[in-house]
Amino acid sequence: MNELIPKPVKILKVKDQTPIEKLFTLGVKLGQKPGQFIEMSIAGVGEAPVSICSSPTRGNVEVCVRRVGRVTNALHRLGAGARVGVRGPYGNGFPLEKMRGSEVVLVAGGIGMAPVRAVLQYLLDKKKEYGEIKLLYGIRDYSMMLFKDEILKLMNSKACTVYLSYEKEDEVCKRLRKEYPERVCQGVVTKLFEMVKLNPEAHAVVCGPPVMFWFVFKEMRNRGFPIERLYMTLERRMKCGIGKCKHCVVGVGSMMKYVCKDGPVFSGVEALTMRGMKYVR
Amino acid sequence: MAKADLPKLFRTLAKYGPVVAPVRVGENVVFREVTSLEEVELEYTRSLTPPKKLFLGPQEEILKFDGEKYEEVFEDGKAVLFGVHACDINGLLKLDEIYLDSPQDEYYARRRENVMIVGMSCVPDERCFCTSTGSSYAYGGFDLFLHDIGREYVVRVRTERGYEFTKDGYFKRMEEKDFLAFKKAEEKKVRSIKRKVDLAGIGDLIDVTPKSLWEELTAKCLACGSCNLVCPTCQCYDVLDVLELDIRSGSRIRRWDSCMLKRHALVAGGGNFRPTVVERTANRLSCKVGGEIRCVGCGRCTVYCPAKIDLVEMLERIRVGA
């Protein structure tokens, strides 16, 4: 079978998330693992890797896409009913079997909430198999918050403990801070660790821009969290998705890895040993 | 097999499919289609571009689309790749590890299947260092391999497809003296490869090389990517869509890419994970010799570098650390 041929898939629903991000529901079920990604094609424009933001337990594949490059800009112009090309899912995904039975701490910054949402949905749907769920989410301001309804609803529920940090204060953030003073604060996402008691027996999932990852990594390690129980995702321009085109290679020297095939999920230990990471800006 | 019988072998090979062989063009030797043995350069050092181009084209159409309907484009065709050296055959074996790894690349896999390979012993020069990369001899990855032992060729057969071509009367069973001549010729070849490089642990040395040394090593580099274009093991490709005038149909094309070009590690939004030639060189060297040895010691990147950057010298300086 030729892995490079995309399948035509219908966009079922488009929902605005922020001024630059939209949620697309696709007419396809892929049985993906949370953390995996797909290659999305718009014929004539090109192909781009996009992480899946829905759990397989919720049916159709959803992707939350920021309008940032050629393909994603073209995608943003499409509405329900339009067709796109899809290949995948690719990548390893989060080791959710390993996390079974333990508490899970989810840390997300900005668009990193997209893959984290897939994990969160999965954990919520399999609540009995996992321990407590904590979500630490860092946003710039309320306008940039993804999945607003879902997050606000969760803040009010017992299914999961949501901690929220924001950089710029606005009306909604202010109200949330007053309502949940012990779980909402102003600052970057690492500030939330002052409010959370970290259980060293837990597993952690971290998604966000590279700079955020390193700060979270340091913070958690300083607080005694074992880095081998921490998982993060990396994003690169995976052009083939199957370990051939080598655009997504990370690491320098003897520890080179493909983000598309060996990742995009890496453990804290793998991240530390890929010395090439020191070049990440 | 007597050398005088080579035209006979060539004629039977040509029945399998078009023959692609080394041809002298000006100062360079290039692989291109030939119709007679006279055109073929039997004794050459290295071709400008490696025979990789037959399996992974410099630019090739992979899909046609009409709206969001995609169809595979593949030109089926048998061919004979004649006169390939051991280093380049080893280069193909290294590409096999990538392109035939699951899920395999169908285009590459089918061409690998369709193209018959006839190896040929080489004429090393002072830039060759294949004995340091373990690629001075091809154990597999070919159908037939012709070893020049003077007036005759020792022919190694690796596949049933290759065996079919050795049934004619001019192939003789090897005798003791032929084994000796083969051994002598191989010894002579190996001894003539004077250039050596110690690659043990070089990956970690690349990793700990200070920025100041990298800057010195790459000061002359033009970041032109010539080293990638001539490398028999470079695997990177780029993908682009080309639209027809009806703005709904078109083709998806892939072409060789180069990790030395600025845009290789560029991501949407403008972030670049290897912004300068320092990171890009560290990446290229890591890819070639950092972990598994993916260099075959052909010397092309050094010979064809317009800035005259020498790979082996660079690796030696990385080992010394100054």
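The values are calculated or read from the model by the stated rules, or taken from the named source; none is laboratory data. Just so it is clear, the model here is predicted, and its values are computed rather than measured. Positions of Cβ are backbone-derived with ideal geometry, glycine not excepted, and every protein chain shown enters the neighbour counts.
On the basis of being under 24 Å from B:Met260 (Cα atoms), crowded, with 16+ Cβ neighbours inside 10 Å and not assigned by TED's automatic domain parsing to the domain that holds A:Lys134, does A:Gly268 make the cut?
On the way: under 24 Å from B:Met260 (Cα atoms): no; crowded, with 16+ Cβ neighbours inside 10 Å: yes; not assigned by TED's automatic domain parsing to the domain that holds A:Lys134: yes.
Spelling it out, it is not the case that A:Gly268 is under 24 Å from B:Met260 (Cα atoms), crowded, with 16+ Cβ neighbours inside 10 Å and not assigned by TED's automatic domain parsing to the domain that holds A:Lys134.
Among the residues of the range A:87-113, count how many are more than 23 Å from A:Phe147 (Cα to Cα) and either in a strand (DSSP E or B) or in contact with a Cys (Cβ under 8 Å, 6 or more places away or on another chain) (or both).
Going through the range A:87-113 one residue at a time, the tally reaches 4.
Cβ contacts < 9 Å: first residue in contact (Cβ under 8 Å) with a residue 12 or more places away in the chain, restricted to the range B:158-177; second residue charged (D, E, K, R) and in a helix (DSSP H, G or I), any location; separation 6+ or different chain. Result?
Between residues of the range B:158-177 that are in contact (Cβ under 8 Å) with a residue 12 or more places away in the chain and residues that are charged (D, E, K, R) and in a helix (DSSP H, G or I), the close pairs are B:Asp168/B:Asp5; B:Asp168/B:Lys8; B:Tyr170/B:Asp5; B:Tyr170/B:Lys8; B:Phe171/B:Asp5; B:Lys172/B:Asp178.
Run down A:Gly131, A:Gly91, A:Gly101, A:Gly187 and say which single residue is at positive phi, surrounded by fewer than 23 Cβ atoms within 10 Å (Cβ to Cβ) and out of contact with any helix residue (DSSP H, G or I) (no Cβ under 8 Å at 6 or more places or on another chain).
Details: A:Gly131 fails: at positive phi; A:Gly91 fails: surrounded by fewer than 23 Cβ atoms within 10 Å (Cβ to Cβ); A:Gly101 fails: out of contact with any helix residue (DSSP H, G or I) (no Cβ under 8 Å at 6 or more places or on another chain).
After applying the criteria, what remains is A:Gly187.
Listed here are the residues, each with its yes/no results for (1) touching a residue at least 40 places away in the same chain (Cβ under 8 Å); (2) of a type in the set (Asp, Glu); (3) within 14 Å of chain B (Cβ to nearest Cβ).
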{"site": "A:Asn199", "(1), (2), (3)": "yes, no, no"}
{"site": "A:Pro210", "(1), (2), (3)": "yes, no, yes"}
{"site": "A:Lys218", "(1), (2), (3)": "no, no, no"}
{"site": "A:Gly224", "(1), (2), (3)": "no, no, no"}
{"site": "A:Met274", "(1), (2), (3)": "no, no, yes"}
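Among the numbered criteria (1) in a helix (DSSP H, G or I); (2) more than 17 Å from A:His247 (Cα to Cα), which single criterion is violated by B:Leu229?
Condition (2) is where B:Leu229 drops out.
Pick out the one residue from B:Arg161, B:Arg156, B:Arg195 that is at pLDDT 95 or above, part of a strand (DSSP E or B) and not aliphatic (A, V, I, L, M).
Residue meeting the stated conditions: B:Arg156.
Can you name every residue in the range A:41-68 that is more than 17 Å from the chain's Cα centre (by Cα) and either on the phi < 0 side of the Ramachandran plot or assigned by TED's automatic domain parsing to the domain that holds A:Met113 (or both)?
As a first pass, look at the range A:41-68 and keep what is more than 17 Å from the chain's Cα centre (by Cα): A:41-47, A:59-60.
The answer is A:Ser41, A:Ile42, A:Ala43, A:Val45, A:Glu47, A:Asn60.
Is it true that some residue in the range B:239-252 is crowded, with 20+ Cβ neighbours inside 10 Å, in contact with a Cys (Cβ under 9 Å, 6 or more places away or on another chain), of a type outside the set (D, E, K, R) and within 12 Å of chain A (Cβ to nearest Cβ)?
Yes, the conditions are met somewhere in the range B:239-252.
More than 14 Å from chain A (Cβ to nearest Cβ) and of a type in the set (D, E, K, R) - does that describe any residue in the range B:282-292?
Initial filter on the range B:282-292 (more than 14 Å from chain A (Cβ to nearest Cβ)): none.
Checked the range B:282-292: no residue is more than 14 Å from chain A (Cβ to nearest Cβ) and of a type in the set (D, E, K, R).
Please find, within the range B:123-155, the residue that is surrounded by the most Cβ atoms within 10 Å (Cβ to Cβ) out of those that are in contact with a Phe, Trp or Tyr (Cβ under 8 Å, 6 or more places away or on another chain) and over 30 Å from A:Ile242 (Cα atoms).
Within the range B:123-155, the match that is surrounded by the most Cβ atoms within 10 Å (Cβ to Cβ) is B:Leu144.
Filter the range A:3-21 down to the residues that are buried (at least 17 other Cβ atoms within 10 Å of the Cβ) and assigned to a loop (DSSP other than H, G, I, E, B) and list them by number.
Answer for the range A:3-21, where residues must be buried (at least 17 other Cβ atoms within 10 Å of the Cβ) and assigned to a loop (DSSP other than H, G, I, E, B): A:Glu3, A:Leu4, A:Ile5, A:Pro6, A:Gln17, A:Thr18.
Given the residues B:Arg317, B:Arg255, B:Arg274, which is the only one that is within 13 Å of chain A (Cβ to nearest Cβ) and either within 20 Å of the chain's Cα centre (by Cα) or part of a helix (DSSP H, G or I) (or both)?
One residue alone meets the criteria, B:Arg255.
Can you tell me how many residues in the range A:235-261 are surrounded by fewer than 23 Cβ atoms within 10 Å (Cβ to Cβ) and under 18 Å from B:Asp207 (Cβ atoms)?
Summing the residues that are surrounded by fewer than 23 Cβ atoms within 10 Å (Cβ to Cβ) and under 18 Å from B:Asp207 (Cβ atoms) in the range A:235-261 gives 4.
Give the range B:93-104 a look and list any residue that's crowded, with 22+ Cβ neighbours inside 10 Å and either touching a Gly at 6+ places or on another chain (Cβ under 7 Å) or modelled with pLDDT under 95 (or both), or say none.
Those that are crowded, with 22+ Cβ neighbours inside 10 Å and either touching a Gly at 6+ places or on another chain (Cβ under 7 Å) or modelled with pLDDT under 95 (or both): none in the range B:93-104.
When you go through A:Ile20, A:Ile38 one by one, which is the residue that is within 13 Å of chain B (Cβ to nearest Cβ), among the β-branched types (Val, Ile, Thr) and touching a residue at least 24 places away in the same chain (Cβ under 8 Å)?
A:Ile20
When you scan the range A:256-265, do you find a residue that is more than 21 Å from the chain's Cα centre (by Cα), within 14 Å of chain B (Cβ to nearest Cβ) and without any contact (Cβ under 8 Å) to a residue 24 or more places away in the chain, even just one?
At the first step, the residues of the range A:256-265 found to be more than 21 Å from the chain's Cα centre (by Cα) are A:256.
Next, from what is left, pick out any that are within 14 Å of chain B (Cβ to nearest Cβ): A:256.
Now restrict to residues that are without any contact (Cβ under 8 Å) to a residue 24 or more places away in the chain: A:256.
Within the range A:256-265, one or more residues are more than 21 Å from the chain's Cα centre (by Cα), within 14 Å of chain B (Cβ to nearest Cβ) and without any contact (Cβ under 8 Å) to a residue 24 or more places away in the chain.
So if I check each of A:Gly81, A:Gly31, A:Gly27, A:Gly85, which one is at the interface with another protein chain (Cβ under 9 Å from one of its Cβ atoms) and surrounded by fewer than 24 Cβ atoms within 10 Å (Cβ to Cβ)?
Step by step, each of A:Gly81, A:Gly31, A:Gly27, A:Gly85 is checked, and only A:Gly85 is at the interface with another protein chain (Cβ under 9 Å from one of its Cβ atoms) and surrounded by fewer than 24 Cβ atoms within 10 Å (Cβ to Cβ).
Conditions (1) of a type in the set (Phe, Trp, Tyr); (2) in contact (Cβ under 8 Å) with a residue 24 or more places away in the chain; (3) part of a helix (DSSP H, G or I); (4) out of contact with any strand residue (DSSP E or B) (no Cβ under 9 Å at 6 or more places or on another chain), marked per residue:
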| residue | (1), (2), (3), (4) |
| --- | --- |
| B:Leu213 | no, yes, yes, yes |
| B:Gly269 | no, no, no, no |
| B:Ala282 | no, yes, yes, yes |
| B:Arg294 | no, yes, no, yes |
| B:Thr302 | no, yes, yes, yes |
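Step by step: first the residues of the range A:41-59, then only those that are in a loop (DSSP other than H, G, I, E, B) and of a type outside the set (A, V, I, L, M), then the one that is nearest to the other protein chains (Cβ to nearest Cβ). Which residue is that?
Restricting to residues being in a loop (DSSP other than H, G, I, E, B) and of a type outside the set (A, V, I, L, M), the top hit is A:Gly44.
Search the range B:70-92 for residues being out of contact with any Ser or Thr (no Cβ under 8 Å at 6 or more places or on another chain) and surrounded by fewer than 17 Cβ atoms within 10 Å (Cβ to Cβ), and hand back the single one that is modelled with the lowest pLDDT.
B:Asp76
Would you check if there is a residue in the range A:161-179 being assigned to a loop (DSSP other than H, G, I, E, B), within 30 Å of A:Lys98 (Cβ to Cβ) and not β-branched (Val, Ile, Thr)?
no
Could you tell me whether the range B:194-209 includes any residue that is among the acidic types (Asp, Glu), on the phi < 0 side of the Ramachandran plot and within 14 Å of chain A (Cβ to nearest Cβ)?
yes
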